[in-house]
Structure formats: C-alpha cells, structure tokens
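Step one of this worksheet: look at the structure below.
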Amino acid sequence: MIDRLALSLSPWIDTDGRLRELQAFDDTKAGVKGLVDAGLTTIPAIFHHPPDSLPSHQDDDAIPVIDHADVDRGHLVAQVRAAAQAVGFFQVVNHGVPGELLEEMLAAVRRFNEQPAEGKRPFYTRDSARRVKFNSNFDLFQSPAANWRDTILLNMAPPGPAPEEIPPACRVVVPEYAGAVKRLGRELLELLSEALGLPAGYLSQDAGGLDGLTMAAHYYPPCPEPHLTLGTTRHSDPCFLTVLLQDKTMDGGGLQVLMRRWVDVPPVAGALVVNIGDLLQLVSNDRFRSVEHRVVATTSSSGRVSVACFFRPDSASTRAYAPIDSDAQAQPPVYRSTTMPEFLAHYIGKGLDGRSALDHFRLPPH
Ligand code: OGA
Ligand code: NI
C-alpha cells in the first residue's frame, strides 16, 4: 500500500502514461540506439532516475589488479581472497584470453548495435524460451526507471544456442569467446575455492558453478542528458562469478563500484574485471562480498560496449544452495537455502530496483 502511494506520488511516475510510453518504446524494437538515431536531444521520462546523493570518486588503486600468471600459488590465492573479502571486485591481467579475441568480441557487439535497425529487429524479444534475446532493459516493465542501454542476452549453457540463433554480426566470435572465458572462469573458481579453505574443484565441479553461463553484451549509446539517467541501475549480480570485458575508453561514463562512494573501475589494457555474485556471497556465508555496482550513462560520442559473463549453476537445477559447512567456517548460517529457479525468479521478478536480491534469503538475526 505504501509502495503504491509512493509510486503514484513520484514525479517521474504516472503509472498509466508511463506504461503506455514503455510499451511504445518497446514496440519500436530499436532500443535506446533507435532514440539516439532519431536525434533526440532530451531523454524520455521513462529513463528518468531519482537523483543519487552518493558522490563519485576516482581512485585508481581502489580495485586490485591481479596477475593471473603469478607462479606463487599461495600468493595468488591470498590476493584473490583479500579482494573477494574486501572489495568483491578485482581486475585480472595475463588471464590467458588472447587480446585479439577481446577486441573482436567488443567489435562484434558494436557491429550488431550500429547496423540499421532492420537488422536488429528480428532478434528483439522478451520471450524467455529464446536462448538469444536482444532487447532494451530485461526488466523494462518491472523496474521503477529504465536504463540507457541495449543488450544481447545469450544463454550459452546449458545448452548453448544453435549458430543461427546468434546474430550474424557476432556468430563466430561468441562461442569462441565463451569457451575462452569459461577456461578462465574455472581457474578463478578454483582459486576462490582454495581461498575458502575448500578443495580446488569445489565451486566449479561439486557445486556446479560452471554448469550455467549467461552472456550479456551491452551497448550504452551516447546520452544527451547523462545526469538524469543511468546506463545500469545499481545492482549486484545473480551468479557465482562475473567476468566482465569493457572497452578501453571511459571519457565520461562507465562502471562504478559502491565503496561508500561510487568508485570508477578504470579500463586497464587487456584486463578483465571479475566480481563476486550473490550466490557466492550466499554459499560463502558472507565471507565473500557481492558488491553493488552501476554504470553511469556515457557522454562519449562512440558510446560504450561491455560483455558480462555470468557463471552460475544450471538455472533449472533443483539442488539446494546454502552456506557451506566447512571446518574453516565457524559462523552459523546467515542465509536459508534456495534453488536456482527460486533465486532467479526472485531476481528477475524484482528487476533492478536498487535493493539486493540476497535480503530475501537472509535469516533473521538470532
Ligand atoms: C552487468 C553489469 C557492467 C557493465 O551486466 O551485470 O554490471 O560495465 N555490467 O556493463
Ligand atoms: Ni552487474
């Protein structure tokens, strides 16, 4: 009731008018890029977000950069543990994914989005049965404010899409990139398992943490009024682990992590950004942190491209996930158990609304 009252009083929401605007925008099947191509100089009200009072801050040392080629395993595990506990984010260099593959992946996402709208329209859908979906804002009709972003969402496992389901612009590179990032994902989950005092294969094999892979290829068009909206609303990720590729330029607008203030994640040449997801925070019983992050709308005339790979168990798996019982874990569980279908339904049904999906599973304090 209070929520409904708040909604109807909000200056940026007139429920019926808003719904019509959302539907009209979705019906164009041209996304935010379509608005930009039409020459808009002000952004529609559906994209207006309430102002955020937290300041932004540049601190190039805030997010650790870890050399994956470090031959001292103990040192590598210690660095990963420290980052997972303190920041929930790190960048990794010498990760084994070839630089040309990173470049080609970003170029393919740009090619897809920058082609004429007719080429993109056949892929525009909200049909959850499709393994490849292009749309603007997966939560367009759930979230309180839309984001200045278009996304190709690819369910790569299990099973992956047939080649013809993948848009031609990225058909070749997507499976190749997914394979290379999965190798890295396995190594990172091994390091994280060891960092929790568990056998190396625990998270990737026993817990099935690599069984599911969703890839989100984002395109953030240039925004004429970046202070009024966001590229991505603050959120944490619905997975064990995210590996993010972002393009090099960040002149005005990019990924920020919440560390009391919003801290920029500066593009580091050849690096991949890694962050802990909600499910790893849950199974680690809060030892690892799934930290909120957001993307500021960009002013760069070429826009911004990023590709997020979310590693998680099979979304259909009925197995229960709960805080792991181990010798190293002296604390009583702070979460109840959940399943992937339950967790994902809660996350997706809620949309990005500024609240953590984990709160729903937290046990009351003793
Ligand atoms: C995400 C995400 C960040 C980015 O897809 O969950 O946080 O830079 N993306 O696009
Ligand atoms: Ni994210």
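Values in this text are rule-based calculations from the coordinates and carry no lab data. Everything quoted here is computed from the prediction, not taken from an experiment. FYI the Cβ positions are ideal-geometry reconstructions off the backbone, even for glycines, and counts take in every protein chain you see.
Residues whose amide H falls under 5 Å from that of Arg304, counting only those 5 or more places apart or on a different chain, are Tyr220, with hydrogens built in the peptide plane. Among Val295, Leu244, Pro98, which residue has its Cα furthest toward the positive end of the charge dipole of the range 57-361, with +1 on Lys/Arg Cβ and -1 on Asp/Glu Cβ? Of the options given, the answer is Val295.
A dipole drawn for the range 57-361 from +1 and -1 charges on Cβ atoms has a positive end, and of Ala308, Gly349, Ser337 the residue lying farthest that way is Gly349. Straight-line reach from Lys33: taking Cα to Cα under 24 Å and skipping same-chain neighbours fewer than 8 places apart, the lysines in range are Lys120, Lys133, Lys248. Using alpha-carbon positions, what is the distance between the centroids of the range 305-321 and the range 224-297, in Å? The range 305-321 and the range 224-297 have Cα centres spaced 17 Å from each other. Phi angles across the range 87-101 convert, under the Karplus curve 6.51 cos²θ - 1.76 cosθ + 1.60 with θ = phi - 60°, into 3J(HN,Hα) values of 10, x, 9, 8, 10, 10, 10, 6, 8, x, 8, x, x, 5, 5 Hz, Gly and Pro given as x.
Against the chain, whose longest principal axis comes from its Cα atoms, helix 340-350 is set at around 30 degrees. What is the calculated FRET efficiency for Ala86 to Ala129, with r their C-beta to C-beta distance and R₀ = 35 Å, to the nearest 0.05? So the FRET efficiency works out to roughly 0.30.
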